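Everything on this sheet refers to the single structure shown next.
Read-outs throughout are calculated quantities, based only on the coordinates presented, and are distinct from any laboratory measurement. Only a predicted model underlies this, so the values are computations on that prediction, with no experimental measurement involved. Positions of Cβ are generated from backbone atoms using ideal geometry, with glycine treated the same way; all protein chains shown enter the neighbour counts.
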C-alpha cells in the first residue's frame, strides 16, 4: 500500500476539514495510509493556497490534491508543486487564469444564491435555517443542522480572488459533477470539467455536499486517480 500517493483533502467555503470525515473512512478502508486534510483560514485565496502549500511541503513523496467546492480553486492555485502528481475536483471550482469563483458563479447563478447573507464583519454565511436545503439537501435534517451551525464562513472578498497560474494545465485531473448542486450550478461544473481535459469525469445525483452524501463514490474516484498516478 506504500506506493499510493498521500491524499491531501482541501475543503471549501462554509465548512472545515471535518466535511471530509466519511471520505477519510472510505479511503482508509481502501488501504490509503497517507491521508491529510488541510484546515483553511478562508481569508483569501493567497492565504488558503499558502496554507495548502505548507502542508504539501511537509509530506514526503507524491501527493494527490483533492478539492471540494472553493477548495478546487485552492488546489488550482497551489497545485503546481514538484511532488503534486494529480488534482481531483469534487463539485468544485476549477478556474482558469484570471478567473475567480465569483466570476464563474455569476455566469450561472446557483439556486441557493438568495440564501447567502453577509455580516457586518465582511464574512459571508449561508443562512443557518436554509443550510440544509442549500448545501446538503440529500443528507438528513440532523446532519444539515450540524453543518449549518458549525459552518465556517469565508471573507466575502475571497470570492473575487483570481487564479494566476492554473495547476490543471500541467497536472492530470479528475472531476466529479453534482447534478443536484444548489451552491455551484451544474452547468458551471460541466463547463469547467470539460475544459480541464480530465482523465475521468463522473456525475453523481448529489447535492453540493457529495463528499458527505456519496462518500463511497467520491472515495472510489479519488482511489482511481491515486492508482493512475
(request) Read through the labelled values (1) 0.91; (2) 1.44; (3) 1.62 and report the label of the one computed as Cα Rg over 2.2 N^0.38 Å from the structure. (result) (1)
(request) Can you tell me which of 85-95, 196-206 comes out highest on packing, and rank the rest after it, using the mean Cβ neighbours within 10 Å? (result) 85-95, 196-206
(message) What is the angle, in °, between the Cα long axis of helix 215-228 and the longest principal axis of the Cα atoms in the chain? Nearest 10 is fine, range 0 to 90.
(response) 30 degrees
(request) Express in nm, to one decimal, how much length is gained between residue 60 and residue 28 on full extension, taking 0.36 nm for each residue of separation and deducting their alpha carbon distance. (result) 9.7 nm
(message) Could you tell me the center-to-center distance, by alpha carbons, between the range 102-143 and the range 183-229 in angstrom?
(response) 20 Å
(request) Return the percentage of antiparallel bridges among DSSP beta bridges fully within the chain, rounded to the nearest 5 %. (result) 15 percent
(request) For helix 45-57, report the angle its Cα long axis makes with the longest principal axis of the Cα atoms of the chain; keep it between 0 and 90° and round to the nearest 10°. (result) 30 degrees
